[in-house]
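First comes the structure, then the notes that go with it.
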Amino acid sequence: MFYSMRFDNKAITALIALIFALWAWAGEVSAAEILVGTQDEFQDAVKDARPGDTVVLKDGEWRDFEILFRGIGKPGKPITLTAQNKGKVFITGQSNLRLAGEHLVVSGLVFKDGYSPTNTVIAFRQSKGKYANHSRVTETVIDHFNNPERFESDFWVMMYGKHNRFDHNHLEGKSNQGVTMAVRLDSEESQQNEHRIDHNYFGPRPVLGSNGGETLRIGTSHYSLSDSLTLVENNYFDRCNGEVEIISSKSGGNVFRGNLFYESRGTLTLRHGNGNLVENNIFLGNRVDHTGGIRVINKRQTIRNNYLYGLTGHRFGGALVIMNGVPNSPINRYHQVEDSVIENNSIIASDHIELAAGSDAERSAPPVSSVFSNNLVHNDDGANVIAVHDDISGISFVGNVLNQVEKLPTKTGFRSANVALIEADNGLLYPASEELAEVGASRDIKVLQRSDTGPSWYPKPGPQQRFDAGAEIIIEPGEDTLFDALQQAGAGDIVTLAPGDYTVRKTLLIQRPVTLRSQDAAQRANIAFERTALAEIADGGSLKLSGLIISGKSAPDVAGNTVVRTSRYSMLNNFVLEVQDSVVLDLNTNHSFNFFTAAKHTFADRITISNSVFRNVTGHVLYLNREDEDLGIYNAEYVVVKHSTFENVAGTLADIYRGGTDESTFGPHFELADSTLEDVGKGKRNKSGASVHLLGVQATSIHGNTFADSQPLRIVETVGEPVTRISGNRFETTPAPLVGPLGSAK
Ligand code: CA
């Protein structure tokens with residue numbers, strides 16, 4: 001015998017079972033859960049972590065914590081970093097997170113009240129060459145974790161490596177420059193990555209007022225002919241308004257499926273790269289300005305079964321835009337649309353579908369060997385919203401249906417019908433007629449619910465209401481009563497001024513949205529001020545002035561006073577300034593006394609003046625021209641002046657500057673209506689020589705005004721396809737408007 005000891009079969013079986021049980025028990029023990037309370041404890045725990053282990057951060061605030069989470073887990077036995085209680089661990093201050101290794105999972109963290117000292121908050125790499133693979137970040141929050149300098153660019157999430165997943169996260173309020181989330185393809189280790197980006201809540205991103213406000217970018221033009229193979233599925237994009245591209249796909253083989261775009265300005269753009277699929281997505285614009293759909297460029301793109309509703313965007317920001325290409329295009333320009341399919345999409349109550357868009361001397365290659373079939377385009381008024389900008393014989397049109405459109409865009413491939421729509425159980429609109437069942441999006445398309453995205457334990461923001469939702473604070477004239485009231489006022493509060501004279505000794509700091517108004521419309525409060533500014537809008541502030549009389553008579557005898565100014569420093573939060581039913585006069589203690597002055601790197605969502613009078617001003621009423629570096633940055637999205645009078649203003653009513661040649665912004669917009677300008681713009685310091693000076697404004701509407709003894713309007717059109725409408729105005733002893741490209745109107 002080989003063995004000297006003898007066992008029967010039963011004993012051997014029992015022994016094997018015992019060994020197996022011991023081994024399994026040992027395995028259980030090694031899957032440790034290590035609770036850590038300090039950064040040192042965290043580092044030790046991560047260093048020792050083995051597959052299956054979980055490192056748990058104690059509840060509370062972790063300040064200035066640059067987390068390096070490095071390790072090698074195994075399939076089914078990842079190394080996990082999580083919170084003692086999800087949502088109770090706050091990473092604040094100068095903090096960030098890097099993952100490097102294999103099979104890592106991060107969950108339950110909240111980044112807020114701080115920003116990353118590096119260029120990224122969450123990176124799926126330690127450094128170049130040290131990537132994370134097969135790793136996952138889930139149920140993690142980044143909430144307003146912004147660098148305080150608006151134009152200090154950074155990213156919130158950068159995906160590198162392969163086979164990573166980013167899901168059920170909440171990213172809200174990115175306000176500084178830089179893409180919210182990017183997938184990088186800058187090495188072979190990060191290409192054909194098969195990442196999954198799913199069930200995330202991409203919360204509101206305010207208008208940036210410059211390029212660099214995309215919410216998701218996959219690739220860059222440099223690597224755009226490589227496949228990324230990234231799946232972007234079931235994500236909710238809620239008011240992602242940063243710039244013209246919500247998603248910029250700059251690589252191949254990506255799938256965008258089942259996402260919902262809610263009142264988001266901009267489009268999903270297939271900017272570079274081939275062979276992408278866009279299907280079952282829902283775009284609900286609800287008629288909000290600049291809401292768009294899908295923009296198609298490049299080869300082998302498939303856009304099918306999408307539902308697009310209430311989209312107002314135009315030109316490259318339309319509901320559906322098929323671009324012209326550049327012959328032999330450089331990698332960073334426009335590749336011709338080729339072998340692409342656009343089928344079974346429903347485009348309802350939307351204003352613009354653009355075919356061969358961008359056709360010009362450079363973009364002269366129209367789409368070829370492509371198909372546009374079984375799409376439903378429906379507008380109640382029977383308007384034709386399909387614009388054709390070049391030869392579209394390279395697209396075969398089949399079976400498309402329009403609602404009661406008289407003049408069809410092509411001879412064949414479209415038919416007009418009387419299409420009644422009914423709301424289905426999923427809340428979407430479909431043709432009532434069974435005969436049209438095969439046209440447009442399918443009946444079983446699933447509408448993603450907001451509550452199915454992001455972590456369930458983190459609240460999602462509601463609608464934004466800035467003014468007048470708070471409490472009323474009534475004040476009487478007296479030393480500092482106005483200043484003190486504003487110190488106490490909460491967001492949305494209304495400070496009501498009893499009749500009388502208010503002399504303001506200290507500049508009013510506006511830190512939250514507040515309204516100042518007269519208590520009695522017949523006996524309006526008089527405000528004078530002794531500092532170089534009456535009010536300063538600080539970051540987070542907005543100001544509404546209603547029914548007041550504001551005089552500059554007590555302001556210091558120095559040049560350059562202003563009634564309202566922004567913070568002198570960069571502001572992350574967009575603000576609103578509203579002036580209504582008010583009188584502003586005697587801004588003339590010295591020269592260059594403005595009503596409103598914007599500092600560089602501050603941004604107004606809206607400035608409105610209505611039913612007001614401005615008289616005797618030595619500077620400008622609205623001075624928004626400090627972004628003079630021609631980087632495409634500007635100071636206000638909408639400037640609207642209505643039913644108002646301007647008399648004896650040495651500077652301009654409005655001087656708005658938006659330089660640069662980049663086409664990534666919606667605005668600025670300017671409207672002047674039903675107002676009177678008398679003796680405006682003639683001061684010797686008004687270098688523009690204009691009563692209204694606009695440079696690079698994208699949408700201008702000037703109608704129903706009277707201009708008397710004033711300088712002309714000067715409108716310099718520089719970038720994009722600016723729309724300038726001037727109609728129904730009277731010009732008395734005022735030169736005709738000067739409108740044209742740079743050099744002509746200057
Ligand atoms: Ca862009």
Item checked: Matching residues in segment 232-246 - criterion: being part of a loop (DSSP other than H, G, I, E, B), within 16 Å of the ligand (Cβ to nearest atom) and not charged (D, E, K, R) -> Asn241, Gly242, Val244
Notebook entry, point to check: Across segment 613-643, what is the number of residues that are open to solvent by less than 20 Å² (accessible area, probe 1.4 Å) and over 32 Å from the mean Cα position of the chain (by Cα)?
Noted result: 3
Notebook entry, point to check: Quick check, is Leu260 under 19 Å from Gln177 (Cβ atoms), among the aliphatic types (A, V, I, L, M) and either touching a Leu at 6+ places or on another chain (Cβ under 7 Å) or open to solvent by less than 10 Å² (accessible area, probe 1.4 Å) (or both)?
Noted result: no
Note to self: What's the number of the only condition in (1) in a loop (DSSP other than H, G, I, E, B); (2) crowded, with 22+ Cβ neighbours inside 10 Å that Ile702 fails to meet?
What the structure shows: (1)
Check: Among the residues of segment 401-457, how many are within 30 Å of Phe111 (Cβ to Cβ) and among the charged types (D, E, K, R)?
Finding: 2
Next item on the list: Go through the residues of segment 249-263 one by one and say whether even a single one is at pLDDT 95 or above, out of contact with any Asp or Glu (no Cβ under 9 Å at 6 or more places or on another chain) and aliphatic (A, V, I, L, M).
Entry: no
Checklist line | Residue among Thr92, Thr38, Thr120, Thr54 that alone is under 21 Å from Arg217 (Cα atoms) and β-branched (Val, Ile, Thr) | finding: Thr120
Margin query: Show me the strands (runs of 3 or more DSSP E) entirely contained within segment 408-449 in which 3 or more residues are closer than 26 Å to Leu355 by Cα.
Written below: 414-417, 429-431
Note to self: For segment 536-554, give me each residue that is crowded, with 19+ Cβ neighbours inside 10 Å and within 19 Å of Val613 (Cα to Cα).
What the structure shows: Leu543, Lys544, Leu545, Ser546, Gly547, Leu548, Ile550, Ser551, Gly552
Note to self: Suppose we keep only residues that are open to solvent by 10 Å² or more (accessible area, probe 1.4 Å) and within 16 Å of the ligand (Cβ to nearest atom) within segment 182-218. Which one would you say is nearest to Pro461 (Cα to Cα)?
What the structure shows: Pro206
Check: Could we say that Glu423 is open to solvent by 40 Å² or more (accessible area, probe 1.4 Å) and either of a type in the set (Lys, Arg) or within 30 Å of Val232 (Cα to Cα) (or both) here?
Finding: yes
Item checked: Unmet criterion (only one of (1) in contact (Cβ under 8 Å) with a residue 40 or more places away in the chain; (2) polar (S, T, N, Q); (3) open to solvent by less than 30 Å² (accessible area, probe 1.4 Å)) for Thr92 -> (1)
Margin query: Looking at Asp586 and the list (1) closer than 26 Å to Asn176 by Cβ; (2) acidic (Asp, Glu); (3) over 37 Å from the mean Cα position of the chain (by Cα), which single condition is not satisfied?
Written below: (1)
Item checked: Selected residue (criterion: surrounded by the most Cβ atoms within 10 Å (Cβ to Cβ)) from residues of segment 219-231 that are away from the ligand (no atom under 13 Å from the Cβ) and not in a loop (DSSP other than H, G, I, E, B) -> Tyr223
Checklist line | Pairs where the first residue, in segment 49-68, is under 18 Å from Ala100 (Cβ atoms) and open to solvent by 50 Å² or more (accessible area, probe 1.4 Å) and the second is β-branched (Val, Ile, Thr) and outside any loop (DSSP other than H, G, I, E, B), C-beta under 8 Å, 6+ apart | finding: Arg50/Ile79
Notebook entry, point to check: Quick check, is Val179 within 16 Å of the chain's Cα centre (by Cα), on the phi < 0 side of the Ramachandran plot and open to solvent by less than 10 Å² (accessible area, probe 1.4 Å)?
Noted result: yes
Check: Of all the residues that make up segment 724-739, how many are touching a strand residue (DSSP E or B) at 6+ places or on another chain (Cβ under 8 Å) and surrounded by fewer than 14 Cβ atoms within 10 Å (Cβ to Cβ)?
Finding: 6
Check: Within segment 656-679, how many residues are open to solvent by 10 Å² or more (accessible area, probe 1.4 Å) and more than 16 Å from the ligand (Cβ to nearest atom)?
Finding: 7
Check: From the residues in segment 680-699 that are open to solvent by 10 Å² or more (accessible area, probe 1.4 Å), more than 16 Å from the ligand (Cβ to nearest atom) and closer than 20 Å to Gly209 by Cβ, which one is nearest to the chain's Cα centre (by Cα)?
Finding: Ala699
Note to self: When you check Glu721 against the structure, is it part of a loop (DSSP other than H, G, I, E, B) and either within 16 Å of the ligand (Cβ to nearest atom) or open to solvent by 50 Å² or more (accessible area, probe 1.4 Å) (or both), yes or no?
What the structure shows: yes
Notebook entry, point to check: Which of the residues belonging to segment 427-437 are surrounded by 14 or more Cβ atoms within 10 Å (Cβ to Cβ) and not hydroxyl-bearing (Ser, Thr, Tyr)?
Noted result: Leu428, Leu429, Pro431, Leu436
Note to self: What's the total number of residues in segment 266-311 that are open to solvent by 20 Å² or more (accessible area, probe 1.4 Å) and under 16 Å from the mean Cα position of the chain (by Cα)?
What the structure shows: 4
Item checked: Pair list, Cβ < 7 Å and 6+ apart or interchain, from segment 243-267 residues that are over 13 Å from Thr291 (Cβ atoms) to residues that are away from the ligand (no atom under 13 Å from the Cβ) and basic (Lys, Arg) -> Gly258/Lys446
Check: Would you pick out the residues in segment 247-292 that are within 20 Å of Tyr638 (Cβ to Cβ) and more than 16 Å from the ligand (Cβ to nearest atom)?
Finding: Glu263, Gly285, Asn286, Arg287, Val288, Asp289, Thr291
Next item on the list: Any residue in segment 656-681 that's polar (S, T, N, Q): show its pairings with residues that are in a loop (DSSP other than H, G, I, E, B) at Cβ separation under 6 Å, as long as the two are six or more apart or on different chains.
Entry: Thr661/Val719; Ser664/Asn211; Ser664/Glu243; Ser664/Val244; Ser675/Ser644; Ser675/Asn705
Note to self: For segment 400-415, give me each residue that is surrounded by fewer than 16 Cβ atoms within 10 Å (Cβ to Cβ) and touching a strand residue (DSSP E or B) at 6+ places or on another chain (Cβ under 8 Å).
What the structure shows: Gln404, Glu406, Thr412, Arg415
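The values are calculated or read from the model by the stated rules, or taken from the named source; none is laboratory data. Because the structure is predicted, anything quoted here is derived from the model rather than measured. Because the Cβ atoms are built from the backbone with ideal geometry, glycine has one as well, and the counts that use them run over all protein chains shown. Ligands, DNA and RNA are excluded from the accessible area calculation, which covers all protein heavy atoms including side chains. Shrake-Rupley method; radii C 1.70, N 1.55, O 1.52, S 1.80 Å.
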